[in-house]
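Worksheet for the structure shown next.
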């Protein structure tokens, strides 16, 4: 059974990450903040927040020693989100290393993990419906599902993260990851073909001159 947590639902929040962190510091227990819209949302490495026509932003704050807080945590969360979407919306999404959620090679969501002191905040943003999305993005659904689906998905993945024994399943991630087997480039001037994901969550790439392992904290952008 998953650890009990407090759920806060907002139509609009400045940042679910910040609110979840503040509430954890106040209560000392897990807190899930769910919002349909953010006014000051942020992505990984400070990337701009994209606001879909119908989206959901959810952040779960919890003690830093509760899940395995390492390079594999965003990957494990990705699998939990993928399962939650499939169960609630009957859509099978893909995962792009290290923190993107894709559908038909278009970005439909992202994962942000921030650690500070004794807590970690896991954030997930999803584009549920977005008929006029930018060229590289899309919505998960072709019709507006309304407000409830976002909360359902968010509570499902949060419960998975808080369940005893939550851990990364490397085999399942490799099977769901579209980055494996593709030729990629990364900043500032790297390129190669992805062979696999190693046991620590690193991206193993054959550059043609040798094999390198990329770590998510060291790479700003991976492009197929």
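At a glance:
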{"quantity": "Among residues of the stretch 121-145, those that are closer than 22 Å to residue 60 by Cα and modelled with pLDDT under 95, counted", "calculated": "0"}
{"quantity": "Verdict on residue 208 being in contact with a strand residue (DSSP E or B) (Cβ under 9 Å, 6 or more places away or on another chain), at positive phi and not in a helix (DSSP H, G or I)", "calculated": "yes"}
{"quantity": "Filtered residue count, the stretch 23-48, keeping only those that are part of a strand (DSSP E or B) and at pLDDT below 90", "calculated": "2"}
{"quantity": "So residue 114, is it within 23 Å of residue 52 (Cβ to Cβ) and either in contact with a strand residue (DSSP E or B) (Cβ under 7 Å, 6 or more places away or on another chain) or touching a residue at least 60 places away in the same chain (Cβ under 8 Å) (or both)", "calculated": "yes"}
{"quantity": "Every residue from the stretch 141-168 that is assigned to a loop (DSSP other than H, G, I, E, B) and in contact with a helix residue (DSSP H, G or I) (Cβ under 6 Å, 6 or more places away or on another chain)", "calculated": "168"}
{"quantity": "Test set (1) closer than 27 Å to residue 205 by Cα; (2) touching a residue at least 40 places away in the same chain (Cβ under 8 Å); (3) touching a strand residue (DSSP E or B) at 6+ places or on another chain (Cβ under 9 Å) - residue 70 fails condition number", "calculated": "(3)"}
{"quantity": "Filter result for residue 92 (in contact with a helix residue (DSSP H, G or I) (Cβ under 9 Å, 6 or more places away or on another chain), under 20 Å from residue 156 (Cβ atoms) and touching a residue at least 60 places away in the same chain (Cβ under 8 Å))", "calculated": "no"}
{"quantity": "Residue 66 vs. criteria at pLDDT 95 or above and not assigned by TED's automatic domain parsing to the domain that holds residue 201", "calculated": "no"}
{"quantity": "Failed item, numbered, when residue 173 is tested on (1) assigned to a helix (DSSP H, G or I); (2) over 22 Å from residue 114 (Cα atoms)", "calculated": "(2)"}
{"quantity": "Residue within the stretch 178-199 that is under 21 Å from residue 123 (Cα atoms), surrounded by 15 or more Cβ atoms within 10 Å (Cβ to Cβ) and in contact with a helix residue (DSSP H, G or I) (Cβ under 7 Å, 6 or more places away or on another chain) present", "calculated": "no"}
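The values are calculated or read from the model by the stated rules, or taken from the named source; none is laboratory data. Since this is a predicted model, take the numbers as computed values, not measurements. Note that we place each Cβ from the backbone using ideal geometry, even for glycine, and neighbour counts take in every protein chain shown.
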